[in-house]
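See below for the structure under consideration.
All of the numbers you see were taken from the coordinates with simple rules; none came from a lab. Everything quoted here is computed from the prediction, not taken from an experiment. Heads up, the Cβs are rebuilt from the backbone with ideal geometry, glycines too, and the neighbour counts pull from every protein chain shown.
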Amino acid sequence: MTVWTDFLCPWCWIARPRLAWIAQRAELVHLPLEIHPEIPSEGVDSAAVRRTGDGMADRLRALARDENVSLSFPSFVPNTRRAHQAAEWVRALHPEAFDDFHDRVFRAYWVDHHDIGDVEVLVEIAASAGAEADALVDALSDGAGAASVAEASERASRHGAYATPSFLIERGGAELLVPGLQPREFFERALARVGTR
């Protein structure tokens, strides 16, 4: 199963326990998808991007409580392209550190409210995850990971995935695109439908 996520997506942050649950039932591959590529590299105030009214915010908080996930909305929204590129670099050179790095980037934004578009922040996260952090600076300067991020976005577009999280379940030529964070029971039925367990 493939899941497209973005680090600034609250649904993706809340989805983490459910993704762990899915990973126990099917091979799960995380791919990047920027939901706000128009954000400048220096980031913006959250009021300029986030459109979660009181009703949506309440729904997100309730879902976070159900999943036992802490949720507080940062006042700053970064451009996540650099974070995605760093994650793809880690996946390519330090695959054993990818899951930890990916999780730490989410936590850096949603728990610590750090600017995950900042290279120094990403280097610190990489070091914490056990990746070769010193090489990451030069790698990002050289555009490392950019092709992988673009390829993931193109693949999402081909399958009709335009929001995060989006799931693609594949087996034996059968495909099922699942948009959004669905209940566990839905994923059970979807996995059974394509014979993936």
### Query
Among the residues of segment 3-11, is there at least one that is within 30 Å of Gly173 (Cβ to Cβ), surrounded by fewer than 19 Cβ atoms within 10 Å (Cβ to Cβ) and touching a residue at least 60 places away in the same chain (Cβ under 8 Å)?
yes
### Message
Every residue in segment 104-119 that is surrounded by 16 or more Cβ atoms within 10 Å (Cβ to Cβ), touching a residue at least 24 places away in the same chain (Cβ under 8 Å) and either touching a His at 6+ places or on another chain (Cβ under 6 Å) or not β-branched (Val, Ile, Thr) (or both), please.
### Response
Arg104, Phe106, Tyr109, Trp110, Asp115, Gly117, Asp118
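Can you tell me which of Ala144, Ala156, Ala152 is more than 30 Å from Gly180 (Cβ to Cβ) and touching a residue at least 40 places away in the same chain (Cβ under 8 Å)? Outline the logic, then answer.
Numbers: Ala156 fails: more than 30 Å from Gly180 (Cβ to Cβ); Ala152 fails: more than 30 Å from Gly180 (Cβ to Cβ).
Result of the check over Ala144, Ala156, Ala152: Ala144.
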### Task
List the number of the failed condition for Arg61; all other conditions in (1) part of a loop (DSSP other than H, G, I, E, B); (2) farther than 15 Å from Asp6 by Cα; (3) of a type outside the set (A, V, I, L, M, F, W, C) hold.
(1)
### Query
Within segment 75-118, how many residues are in contact with a Lys or Arg (Cβ under 7 Å, 6 or more places away or on another chain) and either basic (Lys, Arg) or closer than 20 Å to Asp142 by Cβ (or both)?
2
### Message
With the requirement that a residue be surrounded by 14 or more Cβ atoms within 10 Å (Cβ to Cβ) and of a type outside the set (A, V, I, L, M), what does segment 121-168 give you?
### Response
Glu124, Ser128, Glu132, Gly145, Ser148, Ser153, Arg155, His159, Thr164, Pro165, Ser166, Phe167
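With the structure loaded, tell me whether Asn68 is on the phi > 0 side of the Ramachandran plot and assigned to a loop (DSSP other than H, G, I, E, B) or whether it fails that test.
Values: on the phi > 0 side of the Ramachandran plot: yes; assigned to a loop (DSSP other than H, G, I, E, B): yes.
Criteria met by Asn68.
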### Query
In segment 12-57, what count of residues is obtained for those that are exposed (fewer than 15 other Cβ atoms within 10 Å of the Cβ) and touching a Cys at 6+ places or on another chain (Cβ under 8 Å)?
0
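Would you check which residues across segment 119-136 are in a helix (DSSP H, G or I) and over 21 Å from the mean Cα position of the chain (by Cα) and list them?
So in segment 119-136, the residues in a helix (DSSP H, G or I) come out as 119-128, 133-136.
Matches in segment 119-136: Asp134, Ala135.
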